[in-house]
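*Asks:* Got a structure for you, written out below as structure tokens; questions coming shortly.
The values are calculated or read from the model by the stated rules, or taken from the named source; none is laboratory data. Keep in mind it's a predicted model, so treat the numbers as computed, not measured. No Cβ is skipped: glycine too gets one built from the backbone with ideal geometry, and neighbour counts run over all protein chains shown.
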Amino acid sequence: MTQTVNMASDLTLRPAEARGVADHGWLKSAHSFSFANYYDAKHMHYGPLRVINDDWIDAGGGFPMHPHDNYEIFSYVVEGQLEHKDSMGNGSVVSAGGVQYMSAGTGVRHSEFNPSETSPVRLLQIWLLPNIQDEAPRYNAVEISAQDKDGTLALFLSSDGRGDSLHIKADSDIYAATLVQGQTIETKLGHDRIAWVQMVKGHVTVNGQTLRHGDGLAIGRGGQIVFENGRDAEFIYFDMAK
């Protein structure tokens, strides 16, 4: 007897070219959700996901000290290096493959700069709405090796801090993966959950939907999720509470 596989469905593509764009000279950014001067009432957030900005920062450029509160914020560095400093006294430089995470809580000021004098940095800056507010702010960083995410979902931020992941104050488990032709990743999304796939680079197929560099995919109904047909693909996968 052939067993029917219940595939996750209710797929909504967010094409890369439909994102909002900003060009400040030293910063070029594409916004998946409404941000700063880009406003689209149909794309304010998805579940707890509030911001996905695909940023290119020129050599020596960056964001000076500015405040945040009650957001879970992380920067996923794709190319180059990113330097973080904050009002808690933290300071670090994260290279490609690294993630800077900050829980803004009751309030924190921070800066992010490209420390290179010659090369740009590319990062995805991502904000999530917390499920716990007004706690003390904190900062941490994690490295995701190429081997860790090769053909598999590497958990790096989670709601419970399991494994080597960082514990975040959002009901979200966040993974990184790379995929090439011949590799397949399968995972299951709970029926009380939603998911988002954000393409970092390359091409991949998710439950029959082709995604390309910069595309996002909302998955609104639980079940099996299959990632396949990767062509130099790298993506971030969010498993989130509705």
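*Asks:* Looking only at segment 147-187, how many residues end up being over 20 Å from GLY223 (Cβ atoms), of a type in the set (D, E, K, R) and not in a strand (DSSP E or B)?
*Replies:* 6
Rundown of residues vs (1) touching a Leu at 6+ places or on another chain (Cβ under 8 Å); (2) among the hydroxyl-bearing types (Ser, Thr, Tyr), yes/no style:
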| site | (1), (2) |
| --- | --- |
| HIS66 | no, no |
| MET88 | no, no |
| VAL108 | no, no |
| PHE113 | yes, no |
| GLN125 | no, no |
| ASN140 | yes, no |
| GLU143 | no, no |
| ASP148 | no, no |
| SER159 | no, yes |
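*Asks:* Next question. If you check every pair at least six apart or on different chains, which have Cβ atoms under 9 Å apart with a residue in segment 139-155 that is farther than 19 Å from THR184 by Cα first and a residue that is of a type in the set (Ser, Thr, Tyr) and buried (at least 17 other Cβ atoms within 10 Å of the Cβ) second?
*Replies:* TYR139/TYR101; TYR139/SER103; ASN140/TYR101; ASN140/SER103; ALA141/TYR101; VAL142/TYR101; VAL142/SER165; ILE144/TYR76
*Asks:* Somewhere in segment 11-22, is a residue over 24 Å from ASP173 (Cβ atoms), modelled with pLDDT of 95 or more, over 16 Å from the mean Cα position of the chain (by Cα) and buried (at least 20 other Cβ atoms within 10 Å of the Cβ)?
*Replies:* Taking every residue of segment 11-22 in turn, none turns out to be over 24 Å from ASP173 (Cβ atoms), modelled with pLDDT of 95 or more, over 16 Å from the mean Cα position of the chain (by Cα) and buried (at least 20 other Cβ atoms within 10 Å of the Cβ).
*Asks:* Next question, about the same structure. Pairs, please: C-beta under 7 Å, at least 6 apart or cross-chain, first residue among the basic types (Lys, Arg) and in segment 62-74, second crowded, with 17+ Cβ neighbours inside 10 Å and not in a loop (DSSP other than H, G, I, E, B)?
*Replies:* none
*Asks:* With the structure loaded, tell me whether THR2 is modelled with pLDDT under 95 and either touching a Phe, Trp or Tyr at 6+ places or on another chain (Cβ under 7 Å) or not aliphatic (A, V, I, L, M) (or both) or whether it fails that test. Before the answer, list the steps.
*Replies:* Numbers: modelled with pLDDT under 95: yes; either touching a Phe, Trp or Tyr at 6+ places or on another chain (Cβ under 7 Å) or not aliphatic (A, V, I, L, M) (or both): yes.
It is true that THR2 is modelled with pLDDT under 95 and either touching a Phe, Trp or Tyr at 6+ places or on another chain (Cβ under 7 Å) or not aliphatic (A, V, I, L, M) (or both).
*Asks:* Another question, then. Of everything in segment 62-97 that's among the polar types (S, T, N, Q) and outside any loop (DSSP other than H, G, I, E, B), which residue is nearest to the chain's Cα centre (by Cα)?
*Replies:* Residue satisfying both the conditions and the ranking: SER75.
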